[in-house]
Amino acid sequence: MKRIAVLTSGGDSPGMNAAIRAVTRSAIYRGLDVIGFRRGYEGLLDGDGVPLTKSSVGGIIHRGGTMLRTARSDRFRRPEGINEAISRLREYDIDGLVVVGGDGSFRGAWALHEQGFPVAGIPGTIDNDIAGTDSTIGFDTACNTALQSVEKLRDTASSHDRLFIVEVMGRSAGFLALEVAVASGAECVLVPEVPFHLEHLCEKLHYAKQRGKTHSMIILAEGVMSANQLASRLKDTGGYEARITVLGHVQRGGSPSSFDAVLASRMGASAVEMLLEGQRGFMVGYVNQQLTSCPLPTAWESKKPLNHEMMALVEALSI
Ligand code: F6P
């Protein structure tokens, strides 16, 4: 292998730059050339590749977003898209491709692998919804960003004796919501993985009030319903007046936490090492504090379980 490429794809996440830097520098350290494709698979199809050097990835480890930019590409998903992408990779003399992204991006990488092209995946998404790794790059930072907001909201909620619903991202998964709920000491958490009953929620809020709680925070995963919908259902069923905050894309920005910067650095270097060792069609994972690898389809074929002990903790600690 003489030359590899790297791209970031799908929703950005804090730490993607640290991963680009690690892939680039560890590849150069081992005598390889590196090309970065801008705007994910879109840029690959357009032939929008730039040489990455030791210095061009300097000063980015602490930056949020992705210097290569990112996109969700419909063109790439067409059957012709895969062949066009492989032609582009051949034009650039690329021997291996590292894709940093979520499960949608990995499906694309797997399609390239099935055509015989060497690929590696690095899990980067704030949703943490990728099986085969305990943590994805950006999840820890997004939790901390959301946590800071929830703490601020609790200040005003307690001053005004109010009920707040805070909607967090996560797509169809509740990992972000659950982590933030435990870390912020929220009274309730609603996640897509656990069916919820409005009557039960109203009862909980009612008894909390009876026990002397003057305010409550509900952390709502966006995959359950919108904060607006929940607020109007709480009003209709229990007469509750909730204030709502939708945290939105702020959760995707900012400098990576030390955990994410280290995770991205380790995963980036491992992806290169594993490609050089001859691994193909794999994703780098982080399981029980060890770097691992698994076949790319693990990311979408197995469902990552939510930690039910943490769900129980929210109930037990919010008495
Ligand atoms: O997958 C990351 C994520 O931020 C999800 O949490 C969210 O549902 C989605 O992307 C938002 O996507 P977009 O940036 O396209 O609005």
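Which net charge results for the neighbourhood of Ser73, defined as the other residues with beta-carbon distances under 9 angstrom from its beta-carbon, given Lys and Arg at +1 and Asp and Glu at -1?
+2
What does the charge count near Thr214 come to, summing +1 for each Lys or Arg and -1 for each Asp or Glu among other residues with Cβ under 9 Å from its Cβ?
Local net charge: +2.
Given a 1.4 angstrom probe, I'd like the percentage of the accessible area of the stretch 153-216 that is carbon and sulfur, rounded to a whole number. Intermediate values should be presented prior to the final figure.
Numbers: 1490 of 2940 Å².
Carbon and sulfur atoms account for 51 percent of the accessible area of the stretch 153-216.
When we measure straight from the Cα of Lys152, which aspartates and glutamates land under 15 angstrom away, once same-chain ones fewer than 8 places off are left out?
Counting by Cα, and skipping residues close in sequence, Lys152 has these aspartates and glutamates nearby: Asp161, Glu167.
In the Gaussian network model of the chain, springs joining C-alpha atoms below 10 Å, which of Val194, Val272, Val100 carries the largest mean-square fluctuation?
Among Val194, Val272, Val100, the largest GNM mean-square fluctuation belongs to Val194.
Given N residues in the chain, what is its alpha carbon radius of gyration divided by 2.2 N^0.38 Å?
My calculation over the Cα atoms of the chain gives 1.09.
Take every DSSP beta bridge with both residues inside the chain and express the antiparallel ones as a percent of the total, to the nearest 5.
25
In whole Hz, with x marking every Gly and Pro, tabulate ³J(HN,Hα) for the stretch 164-176 from phi via Karplus 6.51 cos²θ - 1.76 cosθ + 1.60, θ = phi - 60°.
10, 10, 10, 8, 10, 6, x, 6, 9, 10, x, 4, 5
Around Leu163, which amide H atoms from residues at least 5 apart in sequence, or from another chain, sit under 5 Å from its own amide H, with H modelled in the peptide plane?
Ser216, Arg243
Say each of Asp236 and Leu276 gets a label point 7 Å from the Cα, pointing the same way as Cα to Cβ; how far apart are those two points in nm?
If labels sit at Asp236 and Leu276, their model points lie 6.1 nm apart.
Collect residues whose amide H, placed 1.01 Å from N in the peptide plane, falls under 5 Å from the amide H of Gly124; neighbours closer than 5 in sequence don't count.
Gly101, Gly102, Ile137
What does the charge count around Thr145 come to, taking other residues whose C-beta lies under 12 Å from its C-beta (Lys +1, Arg +1, Asp -1, Glu -1)?
Net of charged neighbours comes to -2.
Computing the accessible area with a 1.4 Å probe over protein heavy atoms, can you report the carbon and sulfur percentage for the stretch 280-319?
For the stretch 280-319, the apolar C and S fraction of the accessible surface comes to 56 percent.
Pick out, in residue order, every one of the trypsin sites (Lys or Arg not before Pro) in the stretch 191-257 that is DSSP loop and has at most 12 other C-beta atoms within 10 Å; say none if there are none.
Counting only loop positions with at most 12 other Cβ atoms within 10 Å, the trypsin sites (Lys or Arg not before Pro) in the stretch 191-257 are Arg211.
Can you compute the helix-only [θ] at 222 nm over the chain? Use -39500 (n - 2.57) per DSSP H run of at least 4 residues, normalise by all residues, nearest 500 deg cm²/dmol.
After summing the helix terms and dividing by residue count, I get -13500 deg cm²/dmol.
Considering Cα pairs under 8 angstrom that are at least six residues apart, work out the relative contact order of the chain and quote it in whole percent.
24
When every alpha-carbon pair in the stretch 196-310 is counted, what percent end up more than 21 Å apart? Walk me through the numbers on the way to the answer.
Details: 4047 of 6555 pairs.
I get 62 percent for the Cα pairs in the stretch 196-310 exceeding 21 Å.
Taking only Cα atoms and a 10 Å spring cutoff, compute GNM fluctuations for the chain and point out the largest among Gly124, Gly212, Gly278.
Gly212
With a 1.4 Å probe and all protein chains left in place, how much of the accessible area of the stretch 1-128 comes from carbon and sulfur atoms, in whole percent?
Ligands and nucleic acids excluded, carbon and sulfur reach 45 percent.
For Asp93, put the label point 7 Å out on the Cα→Cβ axis and report which residues of the stretch 2-31 keep their amide N under 16 Å from it.
Flagged as within label range: 2-5, 28, 31.
Could you state the accessible area per residue of the chain in Å², with a 1.4 Å probe and every protein chain left in place?
Computed with neighbouring chains in place, this is 43 Å² per residue.
If I model a spin label as a point 7 Å beyond the Cα along the Cα-Cβ vector, how far apart are those points for Lys213 and Leu198 in nm?
Computed distance between label sites Lys213 and Leu198 equals 2.0 nm.
Exactly which chymotrypsin sites (Phe, Trp or Tyr not before Pro) in the stretch 158-221 are in a DSSP loop and have at most 16 other Cβ atoms within 10 Å?
Listed in order of number, the matching sites are Phe196.
The values are calculated or read from the model by the stated rules, or taken from the named source; none is laboratory data. Just so you know, these numbers come straight off a predicted model, no measurement behind them. All Cβ positions, even for glycine, are placed from backbone atoms using ideal geometry, and neighbour counts span all protein chains on display. Each accessible area value is taken on the protein alone, full model and side chains, heavy atoms only, with ligands, DNA and RNA left out. Shrake-Rupley method; radii C 1.70, N 1.55, O 1.52, S 1.80 Å.
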